[in-house]
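A short reminder: the numbers here are calculations on the coordinates, not readings from a lab. Predicted model, so just to flag it, every value in this text is computed and none were measured. When we count neighbours, we look across all protein chains shown, and the Cβ atoms used for this are built from the backbone with ideal geometry, even at glycine.
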Amino acid sequence: MSDQSTPRVRVLVVEDNALVRAGLLRALETEVDGATVGTAGTLAAARRVAADLNPDVVLLDHVLPDGGGADAVAELVTLAPTAAVVMLTATGSPAVLRTAVEGGAAGFVLKSSGHAAIFDALRAAVRGDAAIGAERLGELLTRAARDPRPVPRQVSVEDRTLLVLLSRGLGIAGAAERLDLPQADVAERVRAVSTTLAARSTLESLVIAVRGGVIPPPSAA
Amino acid sequence: MEDETDDGATGRTIRVLVVDDHELVADSLVRVLSLEDDLVPVGIAPTLARARQLVALERPDVVLLDQELPDGHGVDAIGDLLAAHPQVQVVMLTASTSENVLATAMAAGAAGFVSKTSGLGELVNAVRAASRGDAVISPELLGRLLTRMRREPARLGRDLTDRESEILGLLARGLTNAAIADRLVVSVHTVRNHVSNLSAKLGAHSKLEALAIAMREDLIPPPPA
């Protein structure tokens, strides 16, 4: 596939179904070049492997024998600060999404998806994109607008423009094209905005920006 | 255990069709199966309709069949799949199985059952065992099935109600429907309904056949003292 540009990406799969875990492991090793894959069937094991592997991306099932994946996102991001956490959820319920984003999750993928869609989400998260479908992103941000909270720091007009483009589901590549800037520069700016907003993912940046009134929710735009 | 079940050394390959609409599970099963040299996944069918097509086209040795599918229950398609390709072995993929589903699947000709939450070895062994024509069932499921069979011996007439048994006894003594109605203080219509129901339960097409079956199966209660 198209992963020569991200050599030796480190992936942690947290899933309690042994067959699904084994299948994902095998598929990731085969299809994502040079992927180093760790697996865990419980949150306890996930904490251990996250600390050892320092993954670039974590695929995290929500329903696990020792707790809810969404509740563990913040802890995993602390253990592996470079990790983008993508939640695997059966329902995509607003409560689960909210908890996970507030913990710093980078995105979501539905459990009914196949391997191809799941790997697309993982790649998006590694790129620094919000790994979430445009429609679900719109719902999430519309909900966030009803729960206003102040932002830690002011955001420049340029960065606001960038956040608005991302909030409409354009992604870094789409925003770069719109702004006529190199993708790498836009990716760097997205990271800088996340730092400004004290967010651990692009998705969390967007939620914080909407709650703080920095950008309007997509429906009002 | 591994050596006993490993058919890889013989060079024979086992072609496997996965029937499951849950893409993550289906994709994962295919990956897991393809790790084994002797197992060849031949496709994924997300519906029963597609499963029927692929069984006819691909002639797999083993079908892993989910129970809940968008166009019906897996157990109800076992007969069709066997008709399309009589050599196929159908293994039901069941997370938690009611005994009714177990019994229906076995009666329809399933080779066995394996849980979606089983380990890798268990799944692979199940596919290999089924391909050899062995029954595939975990000790836990087998225990439940045997308990059910002990509890409910599959004897003809065991599902007759007390009233139906009573009427059967009166019929055996030569009473007409009208006489029975008089005796039981019910309408002739009600007696006729009871006779019709008990005949159906005995698989009889007539009152006479019902009596013959009831005599053979020793279902006639003794006359009241």
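Shielding by partners for peptide B:13-23, expressed as the average number of C-beta atoms from other protein chains within 10 Å of each residue's C-beta, is 1. Of the trypsin sites (Lys or Arg not before Pro) found in segment A:1-87, those that fall in a DSSP loop while having at most 16 other beta-carbon atoms within 10 Å are A:8. In this simple spin-label approximation, residue B:47 and residue B:176 carry label points 7 Å from Cα along the Cα→Cβ vector, and these lie 5.8 nm apart. Between residue B:40 and residue A:161, the distance separating the two model label sites (each 7 Å from Cα on the Cα→Cβ line) works out to 5.9 nm.
Dipole magnitude for the protein assembly as shown: about 1200 debye, using +1 per Lys or Arg Cβ and -1 per Asp or Glu Cβ, origin at the Cα centre. Let me know the shape class of segment A:61-138, please: from the alpha-carbon gyration tensor, a ≥ b ≥ c as square roots of the eigenvalues, rounded when a/c is under 1.5, otherwise prolate if a/b is greater than b/c, or oblate. Because its axes are fairly even, with a/c under 1.5, segment A:61-138 counts as rounded. Considering only B:181, A:155, B:42, the residue lying farthest towards the positive end of the dipole of the protein assembly as shown is B:181, judged by Cα position with unit charges set on Cβ. Which angle between 0 and 90 degrees, to the nearest 10, do you get for helix B:207-216 versus the longest principal axis of chain B when only C-alpha atoms count? Once rounded, one gets 70 degrees. Sum up the charges of everything whose Cβ sits under 9 Å from the Cβ of residue A:98, counting Lys and Arg as +1 and Asp and Glu as -1, but leave residue A:98 out. Combined, the nearby Lys, Arg, Asp and Glu give -1. Note on residue B:148 and residue B:183: their simple-model spin labels are 3.8 nm apart, each label 7 Å out from Cα toward Cβ. Take the Cβ atoms of residue A:30 and residue B:205, set R0 to 56 Å, and the FRET efficiency comes out at 0.40.
Shape summary: segment A:82-221 maps onto an equivalent ellipsoid whose semi-axes, from the alpha-carbon gyration tensor, are 21, 18, 13 Å in decreasing order. What does the net charge come to around residue A:27 if you take all other residues with beta carbon closer than 9 Å to its beta carbon, with K and R at +1 and D and E at -1? For residues surrounding residue A:27, the net value is -1. With a Förster radius of 51 Å applied to the beta-carbon distance between residue B:220 and residue B:56, the computed FRET efficiency rounds to 0.55. Taking Cα centre as origin and charging only the Cβ of basic (Lys, Arg, +1) and acidic (Asp, Glu, -1) residues, the dipole magnitude of segment B:2-151 rounds to 540 debye.
Shielding by partners for peptide A:14-21, expressed as the average number of C-beta atoms from other protein chains within 10 Å of each residue's C-beta, is 6. Cα centroids of segment B:59-112 and segment A:176-215: how far apart, whole angstrom? One Cα centre to the other: 51 Å.
Against the main long axis of the alpha-carbon atoms of chain A, helix A:183-196 sits at an angle near 80°. The mean number of partner chain beta-carbon atoms within 10 angstrom of a residue's beta-carbon across peptide A:110-123 is 3.
Taking chain B as a Gaussian network of alpha-carbon nodes connected by springs under 10 Å, the highest mean-square fluctuation of the residues B:142, B:170, B:57 belongs to B:170. Against the main long axis of the alpha-carbon atoms of chain B, helix B:139-151 sits at an angle near 10°. The calculated FRET efficiency for the pair residue A:153 and residue A:93, based on their C-beta separation and a Förster distance of 30 Å, comes to about 0.45.
Among A:107-116, B:116-125, sorting by the average number of other beta carbon atoms lying within 10 angstrom of each residue, highest first, gives A:107-116, B:116-125.
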